[in-house]
Amino acid sequence: MTRFTYSLALMASTLATTTLLTDASAQVTSSSYSTGGVARSSATGNGNVQISARAAVSNGGYANARMNGSGRFGGRATGQAIAASHGGTAIANGNSIARGWNARSDSNAIAASGQSHGMEIRTGAAVEEILVRGGRSYGVRLASGEEIKAKLVVSNVSAKLTFGDLVKRDHLPQEFAERIDGFRTRGMGFKLLCAVDRKPVYKGFDAEKCGIEYPGYAHIGPTPEFLERAFDEAKFGWYSSEPFLSPSVPSYFDPTLAPDGKHIVTFQGGVTPYELSNSDWDKEREPFVRNAMRVMDRFAPGFSDSVIDYKLYLPKDIEDDINMPGGNTQHGELSLDQLFFNRPVPGYADYRSPVAALYQCGASTHPGGAVSGVNGHNAAREILKDWRQVSRNAD
């Protein structure tokens with residue numbers, strides 16, 4: 001059977017010559033650090049998987065709506081940022097995607113920029129501990145035993161890992177550590193990767209009316225009731241009989257991802273609890289995939305017949321594959337009590353931490369996940385504010 005490979009590059013962020021916060025592909029769990037310019041910095045990471053928004057598609061009719069940015073699924077309520085119209089097709093002309101772009105492009109461009117300033121990137125160098133002395137970080141220890149000294153450390157792994165594993169607990173205030181313990185990370189979403197012999201053809205899509213050539217990224221969630229039902233079934237430990245879906249066709253934007261005439265279709269959606277009641281995922285994986293295919297066939301007739309091969313990632317798979325606690329691709333629920341000034345915990349939403357010279361820039365911080373670069377940008381801004389003092393104290 002023909003198998004396609006789709007490298008899921010993960011989010012990276014930069015701070016001039018001071019730090020590069022990178023992540024390896026989803027196939028390799030690793031941590032990276034950088035050096036360069038006047039500063040030496042360390043970073044650990046595992047990040048998120050995302051494709052930028054292009055269009056939202058449901059069934060029948062059409063509506064055209066300008067949007068800024070893309071919605072993401074999170075939390076356990078149906079107040080999700082999904083463009084949908086009652087019984088119609090909502091086309092959201094949001095983020096544009098350049099031809100030839102794929103998720104690796106961002107990471108490669110950032111890496112090239114950093115390297116042009118003398119930065120070193122290492123993968124396959126798992127970080128075992130963030131070194132702390134006298135209340136401040138001064139580097140990292142790798143699993144190999146090698147120690148890398150740094151004036152500051154920036155972490156984009158989950159706050160649960162940063163402060164629950166990499167930093168020894170006796171270096172943290174008790175209240176802070178307890179709040180990190182309470183940061184909810186159980187994932188309820190899935191990722192389904194499909195190799196297909198043709199692009200999905202959405203019956204509710206009209207290129208002329210919608211003003212775009214093809215909906216390379218869509219949201220299937222036609223009504224609030226549809227979304228509510230998907231969540232209702234998961235409340236008590238089961239999975240959705242009609243899951244909501246966000247199909248993306250990255251090979252439409254970058255044909256090199258698949259052989260000629262073939263495509264990659266990736267789905268994110270829900271709802272798939274971390275654990276099931278009265279059964280287990282080993283028994284229920286195939287039935288759930290059939291549910292997802294049935295929904296897709298409803299909006300893109302014949303899609304399931306086009307599938308050559310597929311791979312399903314459930315929350316536990318995501319957790320095991322890239323060491324993301326709970327398999328939550330946002331690092332934690334995007335619920336009201338874990339957003340804005342509460343992310344990841346009150347008092348430390350400014351990308352700093354109780355440990356001096358240790359900063360956060362991952363999806364555990366505001367505004368959560370997605371390849372927006374906002375977390376890294378904001379963290380870099382705060383680090384630059386602190387740089388003189390941090391540098392002086394390190395000396």
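The values are calculated or read from the model by the stated rules, or taken from the named source; none is laboratory data. From a predicted model like this one, the values you see are computed outputs, not experimental measurements. Positions of Cβ are backbone-derived with ideal geometry, glycine not excepted, and every protein chain shown enters the neighbour counts.
Values computed for the structure shown
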| item | result |
| --- | --- |
| Qualifying position, being of a type outside the set (Val, Ile, Thr), part of a loop (DSSP other than H, G, I, E, B) and closer than 30 Å to residue 349 by Cα, among 198, 184 | 184 |
| Where a residue in the range 277-292 is in contact (Cβ under 8 Å) with a residue 24 or more places away in the chain and over 12 Å from residue 313 (Cβ atoms) and its partner, wherever it lies, is among the hydroxyl-bearing types (Ser, Thr, Tyr) and surrounded by fewer than 16 Cβ atoms within 10 Å (Cβ to Cβ), with Cβ under 9 Å and at least six apart | 291/241 |
| Looking only at the range 309-351, and only at residues there that are assigned to a loop (DSSP other than H, G, I, E, B) and among the charged types (D, E, K, R), the one that is modelled with the lowest pLDDT | 333 |
| The range 168-219, residues that are under 25 Å from the mean Cα position of the chain (by Cα), more than 29 Å from residue 290 (Cα to Cα) and small (Gly, Ala, Ser) | 177, 182 |
| Residue under evaluation residue 164, criteria (1) in contact with a Gly (Cβ under 8 Å, 6 or more places away or on another chain); (2) at pLDDT below 95, criterion not met | (1) |
| Of the criteria (1) crowded, with 22+ Cβ neighbours inside 10 Å; (2) part of a helix (DSSP H, G or I), which one residue 240 fails | (2) |
| Selection from the range 156-181 of residues that are farther than 17 Å from residue 361 by Cβ and either touching an Asp or Glu at 6+ places or on another chain (Cβ under 6 Å) or not in a loop (DSSP other than H, G, I, E, B) (or both) | 164, 165, 169, 170, 171, 174, 175, 176, 177, 178, 179, 181 |
| Checklist (1) without any contact (Cβ under 8 Å) to a residue 24 or more places away in the chain; (2) closer than 18 Å to residue 314 by Cβ; (3) hydrophobic (A, V, I, L, M, F, W, C) applied to residue 207, failing item | (2) |
| Those residues of the range 256-288 which are part of a loop (DSSP other than H, G, I, E, B) and among the charged types (D, E, K, R), in sequence order | 260, 262, 275, 280 |
| Residue 153 in a strand (DSSP E or B) and hydrophobic (A, V, I, L, M, F, W, C) | yes |
| Meets criteria (of a type outside the set (Lys, Arg), crowded, with 22+ Cβ neighbours inside 10 Å and assigned to a loop (DSSP other than H, G, I, E, B)) for residue 379 | no |
| Check on residue 120, at pLDDT 95 or above and not basic (Lys, Arg) | no |
| Residue count for the range 129-150, restricted to those that are hydroxyl-bearing (Ser, Thr, Tyr) and either in a strand (DSSP E or B) or under 15 Å from residue 162 (Cβ atoms) (or both) | 2 |
| Any hit, the range 294-307, residues being on the phi < 0 side of the Ramachandran plot, in a strand (DSSP E or B) and surrounded by 14 or more Cβ atoms within 10 Å (Cβ to Cβ) | yes |
